[in-house]
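The values are calculated or read from the model by the stated rules, or taken from the named source; none is laboratory data. Please read all numbers here as calculations on a predicted model, not as lab measurements. Here the Cβ is made from the backbone with ideal geometry for all residues, glycine too, and neighbour counts use every protein chain on show.
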Amino acid sequence: MLGLVTSTRETAPSVRSLLILGASGDLTGRLLFPGLARLLATGRHAGLTVVGAGAEDWGAEQWSQRVHDATEAALADATDAGRAELERIRRDSVYVQLDVTAPGELAREIAALPGPVAVYFALPPAVSQKACGLLGPADLPEGTRLVLEKPFGSSEASAAALNETLGRLVPESQIHRVDHFLGKGTVLNILGLRFANNFLEPVWNRDHIEKVEIFFDEDLALEGRAGYYDRAGALRDMIQSHLLQVLAVLAMDAPARLDERDVRDRISTVLRSARVPEPFTESTRRARYTAGSIGDRHVPDYTAEPGVDPSRGTETLAEITVMLASWRWAGVPFILRSGKALGARRKEAVVTFRPVPHLPEGFRGVDEPNRLRIGFGPDVLQLDVDVNGPGDVLTLNRVTLDADLGEADLLPYGEVLEGVLDGDPLLSVRADTAESCWRIVEPVLEAWAAGEVPLQTYAAGSRGPADWATSAAGEDGAGPS
Ligand code: BG6
């Protein structure tokens with residue numbers, strides 16, 4: 001648990017029921033339920049009622065199998081109290097078939113559960129919008145929390161419309177827009193690194209930092225997700241949401257308190273100052289993978305994957321440069337890149353410092369800039385520095401100060417869900433920020449749709465198109481793998 005002191009956490013009543021909509025979907029089985037299970041395995045949140053709901057006609061056995069599978073790993077390291085909880089959930093959790101787009105159905109289900117209820121919309125945005133549009137404030141008992149999966153809307157206007165619909169139902173403090181990157185251990189560690197130490201803040205600005213890069217290169221390919229991914233692409237799937245949140249945490253000013261108001265105000269300020277400069281032919285790039293191999297795994301051409309429509313021109317690798325209009329960051333490029341089917345997994349933020357103003361004459365070797373790397377899996381912190389010696393005492397050598405931050409107790413989804421169950425929106429994306437993220441990428445999406453930036457190709461298993469600077473191996477041969 002994050003253990004942050006927050007104002008809302010102290011006062012909001014704990015959630016007693018979690019209703020998962022889209023419970024038969026892939027996200028619930030792969031991420032949401034395992035995250036919840038690891039949280040319950042701590043023994044916190046005892047007595048929570050968990051109900052799965054979906055459009056599919058699932059029998060009790062199918063649901064029980066899903067709950068069984070998703071709680072298996074968590075049971076292995078559960079506390080005694082946690083084990084009892086997980087066993088109770090395995091026994092008691094039920095699945096209901098529900099058409100959330102049919103008037104009255106969702107409201108009836110919410111009313112039948114012990115309150116306060118958290119309603120988790122693990123559904124496509126258009127379905128969530130429709131379902132919420134059918135609810136009225138009177139359908140939601142005191143303390144109901146609405147939890148929305150990404151993508152939140154599909155444009156600034158649709159995110160604003162969804163915000164308006166939600167705002168008519170419950171106060172903003174009861175709305176949780178999930179971005180599981182805000183629950184990742186190392187993303188949260190950035191707060192401690194930056195604000196519980198004195199050595200970074202004086203140099204954390206345009207005078208000392210040359211550029212900031214945020215990479216999320218995956219070796220996973222499509223993994224059978226064409227139905228979603230082919231309409232999203234790398235820019236919407238990863239950069240519009242996750243990487244912009246990471247950027248905001250790296251760039252924000254120090255909050256007075258780690259509470260939802262202070263932290264989210266600062267995140268919001270960063271993202272309101274952000275834009276992708278034109279021309280987009282220089283500040284953005286996109287590419288799609290062709291057939292290749294990753295290790296001994298053969299990956300087919302993206303366009304040959306079942307469910308892909310090649311005419312959509314979906315990118316599987318995207319890169320944008322974001323500039324921030326602020327005294328701290330004016331002129332410093334924030335380069336955000338993410339893609340699928342790449343040969344090297346590289347999941348890290350790299351802060352490159354400016355060169356020293358004067359290198360004393362007499363040193364031999366190359367003076368390279370300092371680099372701070374924050375790894376998002378494996379969770380590491382590395383600082384590259386130049387020192388002289390050993391051997392010839394005047395020759396500069398590169399050394400890396402390296403710390404393994406270890407795994408967090410909770411999975412990212414569990415961290416975010418804990419905020420939901422405690423009634424603390426600190427790790428949830430606020431309404432205005434969800435809209436800002438679309439505002440930043442929308443002009444790029446439009447330019448790409450109009451064909452203004454060529455769709456390049458790269459072989460699966462490669463580092464990406466060779467003419468992208470970010471495809472080159474790091475000076476150590478690679479980023480973390
Ligand atoms: C999801 C994206 O939100 O994040 C996936 O839809 C991506 O495409 C995933 O693979 C990456 O996050 P993590 O935490 O699973 O590595």
Consider only pairs whose beta carbons are under 7 Å apart and that are at least six residues apart or on different chains; among these, list those whose first residue lies in segment 197-218 and is basic (Lys, Arg) and whose second residue is assigned to a strand (DSSP E or B). Lys211/Ile335; Lys211/Thr352
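Which residue, of Val444, Val380, is within 16 Å of the ligand (Cβ to nearest atom), touching a Leu at 6+ places or on another chain (Cβ under 8 Å) and either in contact (Cβ under 8 Å) with a residue 60 or more places away in the chain or assigned by TED's automatic domain parsing to the domain that holds Ala291 (or both)?
Every option except Val380 fails the conditions.
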Glu149, sole failed condition from (1) within 16 Å of the ligand (Cβ to nearest atom); (2) in the same structural domain as Ala459 (by TED's automatic domain parsing); (3) among the acidic types (Asp, Glu): (2)
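From the list Gly343, Gly307, exactly one residue is part of a loop (DSSP other than H, G, I, E, B), in the same structural domain as Glu446 (by TED's automatic domain parsing) and crowded, with 19+ Cβ neighbours inside 10 Å. Which is it?
None of the others qualify; the one that does is Gly343.
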Of the residues Thr101, Thr71, which single one is outside any helix (DSSP H, G or I), in contact with a Lys or Arg (Cβ under 9 Å, 6 or more places away or on another chain), over 30 Å from Val444 (Cα atoms) and not hydrophobic (A, V, I, L, M, F, W, C)? Thr101
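Among the residues of segment 9-39, what is the count of those that are within 22 Å of Val127 (Cβ to Cβ) and more than 16 Å from the ligand (Cβ to nearest atom)?
Qualifying residue count for the region: 7.
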Which residue out of Ala248, Ala256, Ala274 is away from the ligand (no atom under 12 Å from the Cβ) and either surrounded by fewer than 17 Cβ atoms within 10 Å (Cβ to Cβ) or among the charged types (D, E, K, R) (or both)? Ala256
Which numbered condition Thr395 misses (of (1) touching a residue at least 60 places away in the same chain (Cβ under 8 Å); (2) more than 20 Å from Lys211 (Cα to Cα)): (1)
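With Arg91, Arg108 as the choices, which residue is closer than 22 Å to Gly35 by Cα, free of Cβ contacts under 8 Å to residues at least 40 places away in the same chain and either among the polar types (S, T, N, Q) or part of a helix (DSSP H, G or I) (or both)?
The unique qualifying residue is Arg91.
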The lone exception for Gly43 - which of (1) within 20 Å of the chain's Cα centre (by Cα); (2) assigned to a loop (DSSP other than H, G, I, E, B) it fails: (1)
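Quick one: which residue in Ala403, Ala434, Ala466, Ala447 is assigned to a loop (DSSP other than H, G, I, E, B) and among the aliphatic types (A, V, I, L, M)?
On inspection, the qualifying residue turns out to be Ala466.
If you scan segment 215-237, which residues turn out to be more than 10 Å from the ligand (Cβ to nearest atom) and either part of a helix (DSSP H, G or I) or outside the structural domain of Arg297 (by TED's automatic domain parsing) (or both)?
If the condition is that a residue be more than 10 Å from the ligand (Cβ to nearest atom) and either part of a helix (DSSP H, G or I) or outside the structural domain of Arg297 (by TED's automatic domain parsing) (or both), then Ala226, Gly227, Asp230, Arg231, Gly233, Leu235 are the ones that fit.
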Matching residues, segment 238-278, being part of a helix (DSSP H, G or I), of a type in the set (D, E, K, R) and touching a residue at least 24 places away in the same chain (Cβ under 8 Å): Glu260, Arg261, Arg264, Arg272
For segment 25-57, name all the residues that are free of Cβ contacts under 8 Å to residues at least 40 places away in the same chain and of a type in the set (Gly, Ala, Ser). Ala46, Gly47
Restricting attention to segment 196-214, and to residues there that are touching a Phe, Trp or Tyr at 6+ places or on another chain (Cβ under 9 Å) and not charged (D, E, K, R), which single residue is nearest to the ligand (Cβ to nearest atom)? Ile214
Confirm whether Gly414 is on the phi > 0 side of the Ramachandran plot and touching a Gly at 6+ places or on another chain (Cβ under 7 Å). no
Those residues that are surrounded by 18 or more Cβ atoms within 10 Å (Cβ to Cβ) and either within 12 Å of the ligand (Cβ to nearest atom) or part of a loop (DSSP other than H, G, I, E, B) (or both), I need them from segment 319-332; list them, please. Trp329, Val332
Read through the list (1) surrounded by 15 or more Cβ atoms within 10 Å (Cβ to Cβ); (2) out of contact with any His (no Cβ under 7 Å at 6 or more places or on another chain), then give the number of the only condition that Val147 fails. (2)
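Is it fair to say Glu109 is at pLDDT 95 or above, surrounded by 14 or more Cβ atoms within 10 Å (Cβ to Cβ) and in contact with a helix residue (DSSP H, G or I) (Cβ under 9 Å, 6 or more places away or on another chain)?
No: the conditions fail for Glu109.
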